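These notes concern the structure reproduced below.
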Amino acid sequence: MRRHNQTNDKNRWLGVLAILIALAFWQFVAVVIIRYPFILPAPTDVLAAFVSLVQKGTLLLDVQASLVHFAIGLGMALLVGIPFGMVMGWNRRLDAFLDPLIEILRPIPPLAWIPFAIIWFGLTASAAGFIIFIGAVFPVIINTYSGFRGVPRVLVEAAKMLGCTRSRDLIRYIALPAALPSVAAGIRIATGVGWMCLVAAELFGVSNYGLGQKLWWFYNLHQMDSVVVYMIILGLIGLAFDMVFRYYLDRYFLKWRTGEVA
């Protein structure tokens, strides 16, 4: 165990080293080769822009607005996507009924829904949430469907032999635990896709605040150092979502995969 922890510490330092090397290379290219901040601002310029944005006090408001938009979209995607995936994966007739509709809607890019988002919801947080919902719901449906469709038949038959005959009991005690890794993978993918849709969702002015909205705002002002600040914040928040999700999933729901059942 001690050797394992030492190996993990070394691997973390390798990641830090890679970031430091990338920053040094970025600084060199921006200052020595490009020498034009509009094309490529240097890390020092980005740091100065970050300090300025923090002092102005709008950065936190932008983060809060984006989190609200994202929560609306991802929350609706989970509320719709998981039940749809469950019933399609469990019931073949419902699968045959719903699958053509899902497959027609799924290839439509989320950005194509922006006109209807404006018409249906106006320039509100719900409109941004709707675009995020469109991007996030289909990965949830597909992965949940795959998880339920892939439940081993022997587990279902064994449960029936032991008296678990009602469909809702089979879903609760057999199908859902067996499909949970696939469902979790769908949620993880949906989180990433939904977060990437955030910039486009905020582009059409649903509010005066938001990471995506300010990113385009500063681009129009040709303040590319501030644009990079918002890009980095988007990346860091997305990374934090993924790390927290994986931590709680492995710790509380998928402990059996590593033998940690106590």
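The values are calculated or read from the model by the stated rules, or taken from the named source; none is laboratory data. Since the model is a prediction, treat every value here as computed from it, not as a measurement. All Cβ positions, even for glycine, are placed from backbone atoms using ideal geometry, and neighbour counts span all protein chains on display.
Return yes when Val183 is buried (at least 19 other Cβ atoms within 10 Å of the Cβ), in contact with a helix residue (DSSP H, G or I) (Cβ under 6 Å, 6 or more places away or on another chain) and at pLDDT 80 or above and no when it is not. Write out each step before concluding.
Numbers: buried (at least 19 other Cβ atoms within 10 Å of the Cβ): yes; in contact with a helix residue (DSSP H, G or I) (Cβ under 6 Å, 6 or more places away or on another chain): yes; at pLDDT 80 or above: yes.
Here the answer is yes, as Val183 does meet what is asked.
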Just to be sure before I move on: is Thr144 among the hydroxyl-bearing types (Ser, Thr, Tyr), out of contact with any His (no Cβ under 8 Å at 6 or more places or on another chain), within 29 Å of Phe245 (Cα to Cα) and surrounded by 23 or more Cβ atoms within 10 Å (Cβ to Cβ) in the structure I sent? yes
Residue set Leu215, Leu221, Leu198; condition at negative phi and in contact (Cβ under 8 Å) with a residue 24 or more places away in the chain; output residue Leu198
Listed by range, helices (runs of 4 or more DSSP H) wholly within the stretch 141-238 having at least 3 residues that are more than 30 Å from Pro43 (Cβ to Cβ) and touching a Gly at 6+ places or on another chain (Cβ under 7 Å) are 176-203
May I ask you to verify whether Phe245 is assigned to a helix (DSSP H, G or I) and more than 28 Å from Ala48 (Cβ to Cβ)? yes
Can you tell me which residue among Ile132, Ile104 is assigned to a helix (DSSP H, G or I), touching a His at 6+ places or on another chain (Cβ under 7 Å) and modelled with pLDDT of 90 or more? Ile132
Among the residues of the stretch 163-181, is any in contact with a Ser or Thr (Cβ under 6 Å, 6 or more places away or on another chain) and touching a residue at least 12 places away in the same chain (Cβ under 8 Å)? no
Residue among Ala48, Ala65, Ala30, Ala24 that is in a helix (DSSP H, G or I), of a type in the set (Gly, Ala, Ser) and modelled with pLDDT under 85: Ala30
Just need a number here: residues in the stretch 120-175 that are of a type in the set (A, V, I, L, M, F, W, C), within 30 Å of Glu202 (Cβ to Cβ) and within 24 Å of the chain's Cα centre (by Cα). 16
Does at least one position in the stretch 70-91 carry a residue that is farther than 26 Å from Ile171 by Cα, without any contact (Cβ under 8 Å) to a residue 60 or more places away in the chain and in the same structural domain as Phe241 (by TED's automatic domain parsing)? yes
Just to check your reading of the model, which residue among Ala125, Ala158, Ala112 is touching a His at 6+ places or on another chain (Cβ under 6 Å), in the same structural domain as Ala96 (by TED's automatic domain parsing), over 19 Å from Gly81 (Cα atoms) and not hydroxyl-bearing (Ser, Thr, Tyr)? Ala125
Please go through (1) under 25 Å from Phe138 (Cβ atoms); (2) at pLDDT below 85 for Gly238 and return the number of the only condition it doesn't satisfy. (2)
Only one residue in Leu61, Leu98 is free of Cβ contacts under 8 Å to residues at least 60 places away in the same chain and not β-branched (Val, Ile, Thr). Which one? Leu98
Among (1) surrounded by 14 or more Cβ atoms within 10 Å (Cβ to Cβ); (2) on the phi > 0 side of the Ramachandran plot, Gly122 falls short only on (1)
All but one of (1) surrounded by 13 or more Cβ atoms within 10 Å (Cβ to Cβ); (2) out of contact with any Ser or Thr (no Cβ under 9 Å at 6 or more places or on another chain) hold for Ala112; state the number of the condition that does not hold. (1)
